[in-house]
Amino acid sequence: MFFESGLLIVTHLILPAAFLIWLWQAKESSKLEWFTTLLVVSLFSVHIFLIGRWDVLSYYLRFVLVIIFLIAALKSFIKVKSLLLYPPRKFVSYLPLGVNSLVAVFFLTVMSSYIPQGYSFSGEPVQLAFPLKKGIYYIGQGGNSPTINYHNDNPAQQYALDIVKLNTLGMRANGLYPRSLSNYAIFGETLYSPCNGRIGSTVNDLPNLIPPERDRQNIAGNYILMQCEGADVLMAHLLRGSVTVRAGESVEAEQAIAKIGNSGNTSEPHLHIHARKANTGNSILDGEGMPMIFFRSFLVRNSIVFRD
Ligand SMILES: [Zn+2]
């Protein structure tokens, strides 16, 4: 957890601050050089805005980044207004411009690997009701690229979502990586059926693990696999003893069916949900992944869902 916290602070605080201070303070020799600095800082900022896990430090910090970026861009523009468009005709004055251009090409290459593919889907999606209520929910893993959704390489879980709940500070837990389950905002929340359908199978007796403990034998932990129209939907990592439905039972959309826990191969309390085309898997975890639409939206990392 020490390593994760350090990495998170470097990528979400120290690096963005360093880029913004650079944009704010840099002493460019021409407008063109300033433009390449602005380009590099813009690309980095958009990249971390999109792929960052902003639920850990605070979702609201994401917008602080945008505001500081806009102020820094304006400040730096005022500073270079009186400069010439091109640098003096000396090799050394073109050097920073060249380095900036290379870094910009690097960021563009990285970003083109997940934009736009990560934010789009192919094939017919299944329309579902969002299975959680009362609060602000955050998509930690979601989308059609491994950069924003670590499930994406797995055919059945191509469009899987990992969902957490945000507290009043915009964090998914009290603390960065607390060990106590009750510190996670989503722990114990009620899970509601995402469709009118039938329960396929369930598991209800696996223990709630203390983070970062994982159960690698029972990947899904306590789960409900249910048949919705044209899709099988799996909801995993549920609270031990909380599943109130049985195999073969018919349920209605938004009917309470379980509670969120921390069972199975999970790093912390969250809801894992994915859909596969009906009857395409032998075990609960295989099959052909299917995109899910909630409230007419294809949810991806950093999507937010407000629920009464
Ligand atoms: Zn998951």
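What spacing in nm lies between the two simple spin-label points modelled at ILE71 and ILE293, each 7 Å away from Cα in the Cβ direction?
4.1
Multiply the residue gap between SER113 and ASN174 by 0.36 nm, knock off their C-alpha separation, and tell me the result in nm, one decimal place.
Roughly 18.6 nm would be gained on extension.
Once ligands and nucleic acids are excluded and a 1.4 Å probe is used, how much of TYR119 is accessible, expressed in Å² to the nearest 10?
80
What do you get for Rg/Rh of the chain when both radii come from the Cα atoms and Rh is the Kirkwood radius?
Rg/Rh: 1.08.
Please report the orientation-averaged projected area of the range 160-308, defined via the convex hull of its C-alpha atoms, in nm².
8.7
Using every alpha carbon pair in the range 67-156, what percent of pairs falls into each 10 Å bin from 0 up to the bin containing the largest distance?
12, 22, 27, 18, 14, 6, 1
Connecting C-alpha atoms closer than 10 Å in a GNM of the chain, tell me which of ARG276, ARG198, ARG216 has the biggest fluctuation.
ARG216
In µm²/s, what is D for the range 50-101 at 37 °C and 0.692 mPa s, where D = kT/(6 pi eta Rh) by Stokes-Einstein and Rh is the Kirkwood radius from Cα pairs?
Translational D for this selection: 233 µm²/s.
When the expected Rg is taken as 2.2 N^0.38 Å, what fraction or multiple of it is the alpha-carbon Rg of the range 2-112?
1.16
If one takes the longest principal axis of the Cα atoms in the chain, at what angle in degrees, from 0 to 90 and to the nearest 10, does the Cα axis of helix 15-25 lie?
20
What percent does the relative contact order of the range 126-307 come to when contacts are Cα pairs within less than 8 Å and at least six residues apart?
For the range 126-307, the relative contact order is 31 percent.
Please compute the net charge surrounding GLY98, taking Lys and Arg as +1 and Asp and Glu as -1 over other residues with Cβ under 14 Å from its Cβ.
Net local charge, GLY98 excluded: -1.
Can you give me the angle between helix 31-51 and the longest principal axis of the chain, using Cα atoms only, in degrees from 0 to 90, rounded to the nearest 10?
10
How big is the shadow of the Cα convex hull of the range 196-284, averaged over all directions, in nm²?
Averaging across all directions leaves 5.3 nm² for the Cα convex hull.
Order the following by accessible area, largest value first: ILE257, ILE304, ILE210. Probe radius 1.4 Å; ligands, DNA and RNA are ignored.
Numbers: ILE257 0, ILE304 40, ILE210 65 Å².
The most accessible residue leads, giving ILE210, ILE304, ILE257.
Distance in nm between label sites at ARG214 and ARG89, each 7 Å beyond Cα in the beta-carbon direction?
For the pair ARG214/ARG89, the computed spacing is 6.1 nm.
Is it possible to state the helix-based mean residue ellipticity at 222 nm for the chain, with each DSSP H run of 4+ residues giving -39500 (n - 2.57), the sum divided by total residues, to the nearest 500 deg cm²/dmol? What is it?
Result for the chain, helices only: -9000 deg cm²/dmol.
In Å², what does the accessible area per residue of the range 2-112 work out to with a 1.4 Å probe? Intermediate values should be presented prior to the final figure.
Values: 6460 Å² over 111 residues.
Dividing the accessible area of the range 2-112 by its residue count gives 58 Å².
The values are calculated or read from the model by the stated rules, or taken from the named source; none is laboratory data. Source: prediction; values computed, not measured. Cβ coordinates were reconstructed from backbone atoms using ideal geometry, including for glycine residues, and neighbour counts include every protein chain displayed. Remember, those area values only see protein heavy atoms, side chains included, never the ligands or the DNA or RNA. Shrake-Rupley method; radii C 1.70, N 1.55, O 1.52, S 1.80 Å.
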